[in-house]
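Quick notes on the structure that follows.
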Amino acid sequence: MTDLDIAEVARRTGLAVSTLRFYEEKGLIASSGRHGLRRRFGPAVLERLALIRLGRTAGFSLDEMARMFAPDGRPHIDREMLAAKAQELDETVARLTALRDGLRHAAACPAPTHLECPTFQDFLRSAASGTLEPPPRTPLRRPARRAT
């Protein structure tokens with residue numbers, strides 16, 4: 001396969017030409033030369049950009065992504081860095097799951113007000129302390145009836 005024009009790389013990857021230029025400035029990709037005023041890239045840039053996109057989707061910074069390539073441009077991915085990011089994602093998923101479960105409970109809670117619901121009170125305390133915990137996986141608690 002021959003070198004690709006920057007516009008072709010942009011078309012194939014869905015990235016803006018300005019993004020490709022920025023990645024080149026950051027040292028994430030390297031053009032193989034120019035044809036007139038247009039940058040040219042080797043076909044391997046497509047795989048490299050796919051790796052960068054995957055890393056960005058996982059939450060890696062561009063600086064972290066730059067460290068995942070050897071000086072010759074081949075991937076040199078630090079497995080400990082991947083394991084740490086996976087752990088970070090597990091923690092994010094747990095927090096989001098707790099938030100989702102709390103919102104679902106609040107939406108379906110039969111208590112007259114959310115502040116009268118013990119489960120919602122637990123959820124609120126957890127949120128206030130910064131340790132958002134999922135509400136207990138028990139059926140919705142019915143509020144105590146008030147004496148009239």
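No lab work stands behind these numbers, since they all come straight from the coordinates. None of the values given here were measured: they were computed from a predicted structure. Cβ atoms come from the backbone with ideal geometry, glycine included; neighbour counts cover every protein chain shown.
For this structure, a couple of remarks:
- Compared with the dominant principal axis of the Cα atoms in the chain, helix 44-58 is inclined by about 20°.
- With the simple spin-label model, which puts each label point 7 Å out from Cα in the Cβ direction, the residue 51 to residue 82 separation comes to 1.1 nm.
- 5 angstrom amide H check on residue 69, placed H, neighbours 5+ away: 76
- In order along the range 82-94, phi translates into HN-Hα couplings of 5, 5, 5, 5, 4, 5, 4, 5, 4, 5, 5, 4, 4 Hz, rounded to whole numbers, per the Karplus curve 6.51 cos²θ - 1.76 cosθ + 1.60 with θ = phi - 60° and x for Gly and Pro.
- Backbone N within the range 97-122 under 17 Å of label point (7 Å from residue 129 Cα along the Cβ vector): 98-99, 102, 118-122
- The trypsin sites (Lys or Arg not before Pro) of the range 48-86 that meet both conditions, a loop assignment by DSSP and at most 16 other Cβ atoms within 10 Å of the site Cβ, are 67.
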